[in-house]
Amino acid sequence: MSETSFWLFLAAAVVIAAVPGPGIFYVAARTLSEGRASGFASTAGTALGGMAHVVAGSLGISAIILASAELFAIVKFIGALYLMWLGIRTFRRAGRAFTLEREAVGEKRAFRDGVLVEALNPKTAAFFLAFIPQFLDPAGATPTLQFIALGAISVMLNTLADVVVVLMASATRRHLIGRPHLMRRLGQGSGVFIAGLGLSLALARRPVHN
């Protein structure tokens, strides 16, 4: 791709990464309810899930899923149910005591949850298929590698934004950790919010391509 196209892509990708989206809200909610380590693990998981979409998009798998109403619905509802289950679990755990030195719960699980939440979101697949091809050079060699390279840059920028959000949410949580009642409400609110993301995904419509 030309240098101009690359810088246009980079500028657009930075703006998109900076705009709060479901991924940012998800890692913020996990950080507020479970702590910084869980937030970073969730961020790493969503990054891997995002790369799965990039690879699937480059190979045409995402296009097949989006073209099929049945496949789109299956992936969408699995992802939505998983998010709602995570939200309910977070809400139920919110009644437990909060300490800064919580046992190392959840880091592997948070990573796994992040991978699944992102990988099972067909809206992410639709975004990459709509965004990246605009900047590919059809005359250039290996369009597949171009797609993966640009997708990896986009995922990296999104991940950097998530890291900033985790640090901010962790600082907020640290200020509130000595106030059990507020922490309990914060945890419950995080659970409701995560479940709400699942409901939002369940209501998402399949993109229509003319």
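The values are calculated or read from the model by the stated rules, or taken from the named source; none is laboratory data. All figures in this text were calculated on a predicted structure; none of them were measured in a lab. Methodologically, a virtual Cβ is constructed for each residue, glycine included, from the backbone with ideal geometry; neighbour enumeration extends over all protein chains shown. Remember, those area values only see protein heavy atoms, side chains included, never the ligands or the DNA or RNA. Shrake-Rupley method; radii C 1.70, N 1.55, O 1.52, S 1.80 Å.
Before moving on, here are some points about what is shown:
- Förster-model FRET efficiency, 35 Å R0, Ile78 and Phe6, C-beta, rounded to 0.05: 0.45
- Projected onto their three principal axes, the Cα atoms of the chain cover extents of 60, 38, 24 Å, largest first.
- Length-normalised contact order for the chain - Cα pairs under 8 Å, 6+ apart - percent: 43 percent
- The chain - mean residue ellipticity at 222 nm from DSSP helices (-39,500 (n - 2.57) per run, n ≥ 4, rounded to 500): -26500 deg cm²/dmol
- These residues, Glu107, Glu118, go from largest to smallest accessible area, 1.4 Å probe, as Glu107, Glu118.
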